[in-house]
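Each remark here refers to the structure printed beneath this line.
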Amino acid sequence: MKIIGTGSALPHLVVTNDDLSKFLDTNDEWIRTRTGIQSRNILSTDTITELAIKACQDCIKNAGISVSDVDYILCHTIIYDAIIPGLSTFIQDELGTDCPTLDLNAACTGFIYALDIADSLIKAKKAKNILIVCAEETSRFVDWTKRETCVLFGDGAGAVVVTEGGEDCKFRLKTQHTDALICGANYGNSPFNKVENSEPYLYMKGRDVFKLAVLNSIRDMEHVLKLAGKEFTDVTYFLLHQANMRILDAIRSQLALSEEKFPHNIEHTGNTSSASIPLLLDEMNKTEQLKEGDVLVLSAFGAGFTSGACYLKWGK
């Protein structure tokens, strides 16, 4: 499987750390030193559905294919403009294709889960060209009165088109239950439901998440590199989930590798959940940082606790 196109879309509203300090007990230095984030894009008058569609259109154009060439749409989102039908059906309708679609939810690891499913579909000869889009409105489920969480996140959509060919990809996916990162749901207004509603905002145990992220990312990457018969030094770029600059630095430090191997854009996107890696891929693709034959290792981690890694070679 290989990636032949990338695309992205961000909300028009840019929210800086100084903007947040107007209603939170925080400032630019406090946020930057703890997260590496300087600004993020937040949905205001636009919608996550609109962003997802724009990212897909951008991606299909970049891939040099037509909408009719898309055999399957895999869409990852945690929360969007509706509960049912799935976001992928809105994308399908707007694009004007009648291919099958599927919505996923694997938290911040969703892009790698989607890549693994796409790889399986291609190997099973059930699809040739698969559109993957990750569209996340994280601003909807954080408590904007709590600086510990709301300063971390941004909204956005990233997409790729994958197709048959290229070097065989390697994957590792892992899930373990933990309450270190969780978000409750609205239970509705059933008169028969006696269950106490959980808090409908993201709750995070920062230190636990940090340890889980670093440990699992390194283990997952070791696993896929072993499957590929490669060493860490063979990798051109490590594209990690853009969760927190401290986490990225800790992973790089433990591997004793150069900063150049760990590109990042968290400083101007924040944590965009599953959209973070495809957003970074698109940025690197459009600025021609990626070269034919580059060895890439993707790694993500998120609520669940989910984690995953993917080994692949760049080349259209």
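The values are calculated or read from the model by the stated rules, or taken from the named source; none is laboratory data. Quantities reported herein were computed from a predicted structural model and do not represent experimental measurements. Virtual Cβ from ideal backbone geometry, glycine too; neighbours counted across all protein chains shown. These area figures cover heavy atoms from the full protein model, side chains too; ligands, DNA and RNA do not enter into them. Shrake-Rupley method; radii C 1.70, N 1.55, O 1.52, S 1.80 Å.
Which of the residues spanning region 151-174 are surrounded by fewer than 19 Cβ atoms within 10 Å (Cβ to Cβ), outside any loop (DSSP other than H, G, I, E, B) and not aliphatic (A, V, I, L, M)? Before you say what the answer is, go through the steps one by one.
Here is the first cut: in region 151-174, the ones surrounded by fewer than 19 Cβ atoms within 10 Å (Cβ to Cβ) are 164-168, 173-174.
Within this subset, residues satisfying the condition of being outside any loop (DSSP other than H, G, I, E, B) are 173-174.
Selection gives Lys174 alone.
Considering only residues of region 221-252 that are among the polar types (S, T, N, Q) and touching a Ser or Thr at 6+ places or on another chain (Cβ under 6 Å), which is surrounded by the most Cβ atoms within 10 Å (Cβ to Cβ)? Reasoning before the result, please.
Quick first cut of region 221-252, residues among the polar types (S, T, N, Q) only: 233, 236, 242, 244.
Then keep just the ones that are touching a Ser or Thr at 6+ places or on another chain (Cβ under 6 Å); that gives 242, 244.
Working: Gln242: 28, Asn244: 21.
If we take residues in region 221-252 being among the polar types (S, T, N, Q) and touching a Ser or Thr at 6+ places or on another chain (Cβ under 6 Å), then Gln242 is surrounded by the most Cβ atoms within 10 Å (Cβ to Cβ).
Among residues belonging to region 117-166 that are touching an Asp or Glu at 6+ places or on another chain (Cβ under 7 Å) and hydroxyl-bearing (Ser, Thr, Tyr), point out the one that is nearest to Asp71 (Cα to Cα).
My answer is Thr138.
Quick one: which of Asn105, Asn189 is open to solvent by 60 Å² or more (accessible area, probe 1.4 Å) and within 16 Å of the chain's Cα centre (by Cα)? Don't jump to the end; show me each part of the working.
On the way: Asn189 fails: within 16 Å of the chain's Cα centre (by Cα).
Result: Asn105 is the single residue among Asn105, Asn189 that is open to solvent by 60 Å² or more (accessible area, probe 1.4 Å) and within 16 Å of the chain's Cα centre (by Cα).
Name the residues in region 263-294 that are touching a Pro at 6+ places or on another chain (Cβ under 9 Å) and open to solvent by 10 Å² or more (accessible area, probe 1.4 Å), would you?
Scanning region 263-294 gives Glu283, Gln289.
Could you tell me which numbered condition Ser198 fails, if it satisfies all but one of (1) in contact with a Gly (Cβ under 9 Å, 6 or more places away or on another chain); (2) part of a helix (DSSP H, G or I); (3) small (Gly, Ala, Ser); (4) open to solvent by 30 Å² or more (accessible area, probe 1.4 Å)?
(2)
Give Ile37, Ile65, Ile91, Ile78 a once-over and let me know the one that is under 21 Å from Leu121 (Cβ atoms), touching a residue at least 12 places away in the same chain (Cβ under 8 Å) and part of a loop (DSSP other than H, G, I, E, B).
On the way: Ile37 fails: under 21 Å from Leu121 (Cβ atoms); Ile91 fails: part of a loop (DSSP other than H, G, I, E, B); Ile78 fails: under 21 Å from Leu121 (Cβ atoms).
Just one listed residue meets the conditions, Ile65.
Kindly indicate whether Ile218 is more than 27 Å from Ser139 (Cα to Cα), open to solvent by less than 60 Å² (accessible area, probe 1.4 Å), assigned to a helix (DSSP H, G or I) and aliphatic (A, V, I, L, M).
Values: more than 27 Å from Ser139 (Cα to Cα): yes; open to solvent by less than 60 Å² (accessible area, probe 1.4 Å): yes; assigned to a helix (DSSP H, G or I): yes; aliphatic (A, V, I, L, M): yes.
So Ile218 fits the description; yes.
Any residue that is open to solvent by 20 Å² or more (accessible area, probe 1.4 Å) and either under 12 Å from the mean Cα position of the chain (by Cα) or at pLDDT 95 or above (or both) - is there at least one of those in region 295-312?
Start the filter on region 295-312 by keeping residues that are open to solvent by 20 Å² or more (accessible area, probe 1.4 Å), which leaves 303-304.
Still in the running and either under 12 Å from the mean Cα position of the chain (by Cα) or at pLDDT 95 or above (or both): none.
Scanning region 295-312, I find no residue that is open to solvent by 20 Å² or more (accessible area, probe 1.4 Å) and either under 12 Å from the mean Cα position of the chain (by Cα) or at pLDDT 95 or above (or both), so the answer is no.
Taking region 240-281 only, how many residues are in a helix (DSSP H, G or I), closer than 26 Å to Leu20 by Cβ and of a type outside the set (A, V, I, L, M)? First the steps, then the outcome.
Quick first cut of region 240-281, residues in a helix (DSSP H, G or I) only: 245-255, 259-261, 266-269, 273-281.
Okay, now just the ones that are also closer than 26 Å to Leu20 by Cβ, so 245-250, 266-269, 273-280.
Okay, now just the ones that are also of a type outside the set (A, V, I, L, M), so 246, 249, 267-269, 273-274, 276, 278.
Within region 240-281, residues that are in a helix (DSSP H, G or I), closer than 26 Å to Leu20 by Cβ and of a type outside the set (A, V, I, L, M) number 9.
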